[in-house]
Amino acid sequence: MVVSLKTDLRFPIPGQQGHGDRIIHGRLWYWFSNCNPFILMIAIAVFNLCKSLHFRSKIINYLAGCSLLIYIIHENIILRTHYRPEILRYIYEHFGYSNIILWVLAISIVIFTFSLICSLIYRLLLQKLIYKESAIFFGWIKKGWKRFENYAIKF
C-alpha cells in the first residue's frame, strides 16, 4: 500500500507511469518497489551503520530477538488478505478519510502489540520444543548430506 501511494503521489498522470509508452511499458514501477537496487543499497548501508551499535538494555535486545517473529506474524497471508482490508474498510466507513493517518498509525500499533504478544507466547512456550525437534531434523539432514558427499566423492 505504501509503495502504491508513493508511486501515485509521484506520478499522478497515468501516461507518466509508462503504461502507454512502448519503450518503457510499465517498467517504471520497478524503481518504486522494494526491488529497487538503490533502496537495497540504502538498507545495506543502514544495516552496516547500525550493526556496530550494542544496546545494553535487556528490553531492546529481547524485542530485537522477537522482530523476525513479529514480521512473520503481521505479514501472514490471512492477516494480509482478509483482516487488513476489512480494517481499512471499517476505518473508512466509520471515520472517513479526514483522520486516516492517525487511524492507520493506531491500527499499526495494535497489530504490532498483538504480534509482539504472539511472539512472546511462542518464545515462552514453544521455542525450546521446536529447537529440539529442529536439531533432530538437522541431524538427519546432516547425515544424509555426508552420505551424499561420500558417494559423490567416490565418482
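Toward the positive end of the charge dipole of the range 56-154, with +1 on the Cβ of Lys and Arg and -1 on the Cβ of Asp and Glu, the farthest Cα among 95, 111, 138 is that of 138.
Counting only residues at least eight positions apart within a chain, or on another chain, the lysines with an alpha carbon under 24 Å from that of residue 132 are 142, 143, 146. Scattering from the range 56-154 was approximated by placing one identical point on each alpha carbon and applying the Debye formula without solvent; log10 I(q)/I(0) at 0.20, 0.24, 0.25 1/Å stands at -1.03, -1.19, -1.23.
May I ask you to list the lysines whose Cα is less than 24 Å away from that of residue 58, ignoring any residue fewer than eight positions away on the same chain? Result set, ordered by chain and number: 128. Neighbours of residue 150 by Cβ distance under 14 Å: Lys/Arg scored +1, Asp/Glu scored -1, total +4.
Computed from the coordinates by the stated procedures, all read-outs in this text should not be read as laboratory data. Since we're looking at a predicted model, the values are computed, not measured. Here Cβ is always computed from backbone atoms with ideal geometry, including for glycine, and neighbour counts include all displayed protein chains.
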